[in-house]
């Protein structure tokens, strides 16, 4: 059929390759919106930050807020609790983190009385209960200290600290 | 024209697979080496375009279903959520809504092609009937889908169409309540329409498989209506038909893109941007454009007969109009396939096209005055065209002389030229 | 070329289709005004200053009765919109109050029985003027002021309709049709389709209307200088009507600019792809007589 054209495959092949490449590029461009639509939508992203007023949280008390569909503990630690959290030998722990590294400053001063943690046990996802020694997860007995660090039980990691900052002495923004 | 398989597995893996599941063989025999008449014109590209439309609707539809809520309190705002908040939601929604219209543009061209070239005649009757089944399923899917928006036209259109079943004597009321899941179109109706809207496209896909199977069993028709006689009449499907279909698809997509990007609501009704209100009927209840001709036929019967209500007779006319399409292979008595060689029938074909457009116009307007008159004339012609004209003209018409074969019919057309310029005739 | 006949046929079909889609009218309406819009046409964009002024008109005039249920305050800082900064949007949002939800005792009302409210956040939907339809009817002579988010798409003529309607109360000053007589609580608008007319304005035999438009429960709102624009633009009736119609056009179609931009890119791409495919098609078929 095309024996006489065997000597000039390059021009025709180039056309076919170019067309194919163009079609493939189009397919990728079409595929992106179909994939991106599953990413968090604008309304979900709009709720990705949360402002929390700290003034109603009395000394020694804790409130739980929902942030990005997860429970977040906002705990107002007493001076005694802060002291205990700092005194522990954290370097020997399963997931070693200093208490200081799990806190945030405001105007240069570390806000030690405010402990902000994502209230999801790092074992299998239950919500730990507040205790005088820190936290206890009722599902499999994981125990966390007054800084949210794992000290006993099956959980592998410390309770996660979400990104947050102080907007004023009495208001934080999570996320 | 089922042919011997020419597939030769090239690699070890292909040989291994061919013994266990000869799918590569099937694809090769059906879409690569499949003998295709070489004189097919652009009207034949719409089959491929339709497959593209079905795939597009299914992909965009599944994605929309990830974000849509089929509850009457939330449906409308979930559509707004898609349009405003979901990444590219507006794009996917507009592709889906305009894709439905494009699907029908393509299917009407495809059907009219089949009518003109006699593609419904023996041995393609089953192919034709399967096509009609697909068409009816498409109308059902489109109807269910339009209701899901839960705008004013969704709700009231659903009310009018489901009330059709109330016209059936005796069991009508029971059937209506069974369809509604209640005493009127309401949340139960919406919920089940969502389920059915998800289901029907996959039924369509299944029937499409049968449709292509039936096609490959007998082979494609072609503009002359004369079956291929030897290898010189055909070319392998790939690359010849593949590249032509791809080109036609690109052009079709340009029209599609015009609607999606520059006129996304032009084919719809403004009233569907108002949330459904069961206590307020819109000034006019109009279905989407692709259902208008049948809507016109339904409303044309304004008189009762033999104790049957005009409403019920209208339903019968609607059903009859669709049924006649199924019966076309047996209504047409001509021995000649393609209207190319049937001058009288060509004329009536032209009248039929105008008739369908007229019915569409009638369906879009309030049934009063001249609209009713035109509608009744157009409905009458529709039935006359199938029940009287097709049987009669086939018997009395003298066809034009037909070419001996496909190859002979294209002699003198674009010549096969190895060097630069190709002599072109129209 | 072989494609001409089918192309012509398709054009006729398209024209017939377009004609079939033109809706019939319920009453006689004055032809809409066409002031011209920056966002018309395939390359149209929204005039940001006009959007901001339009938002001001909505906030100060319309929001007393009309909700915007599908917009959130954060949309005001989205690309392709009025272009307020996120900081400005926080302030704008906080100017409105939304229901606060139950307090610690579980009550949703205060001691006086009023719904507990809080300042709106950017993530909130626009504050509703009425808690439900019954309250809306009670305050508006039995009519529910419709939500405006999709108004530019829900009426034939879209922005032209909105412009004509809100400025149309002031058409023909001093020439209110005599047949109307006194219509307490209702107001005549020559562009309004869904109200009624008294029988004195209809032909006694056929019942067809003798004047344009109909009566609406909405009083004229855009009297000159009703709003003092923040950017100093003179607030004539036409200016306010134009700005609020632009704002509502954006509200109904916030992704319009992105859509037209993508459309341009897609059309170019498809044009190029079609050319390549056509050339490939001709090359493939060159050796076959067809």
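Read the figures in this text as sums done on the coordinates, not as results from a lab. Keep in mind it's a predicted model, so treat the numbers as computed, not measured. All Cβ positions, glycine included, derive from the backbone under ideal geometry; neighbour counts span all protein chains shown.
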For C:228, A:49, order by how many other beta-carbon atoms lie within 10 Å, fewest first: C:228, A:49
Compute the whole-percent fraction of alpha carbon pairs in region C:131-178 spaced more than 17 Å apart. 56
Per residue of A:22-29, other chain Cβ atoms within 10 Å number on average 3
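Averaged over peptide A:31-43, how many Cβ atoms belonging to another chain are found within 10 Å of each residue's Cβ?
6
If packing is taken as the mean number of other Cβ atoms within 10 Å per residue, what is the order of B:98-104, B:73-79, highest first?
Most protected by this proxy first, the peptides run B:98-104, B:73-79.
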Measuring from the longest principal axis of the C-alpha atoms of chain A, the long axis of helix A:9-36 (C-alpha) lies at a number of degrees, nearest 10, equal to 30
Given all pairs of distinct Cα atoms, chain C yields a Kirkwood Rh in Å of 22.8
Relative contact order for chain A: what percent, with Cα pairs under 8 Å and sequence separation of 6 or more? 19
In degrees rounded to 10, the 0-90 angle between helix B:75-84 Cα long axis and the longest Cα principal axis of chain B is 60
Under the definition of Cα pairs under 8 Å and six or more residues apart, what whole-number percent is the relative contact order of chain C? 24
For the protein assembly as shown: Kirkwood Rh in Å [reciprocal of mean 1/r, alpha carbons]: 32.7
Write down the radius of gyration of chain B and its Dmax, each obtained from C-alpha positions, in Å. 23.9, 75
Report, to the nearest 10°, how far helix C:237-252 tilts away from the longest principal axis of the Cα atoms in chain C, using its own Cα long axis and a range of 0 to 90°. 60
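Could you work out the relative contact order of chain B, using alpha carbon pairs under 8 angstrom and six or more residues apart, expressed as a whole percent?
Reported relative contact order: 21 percent.
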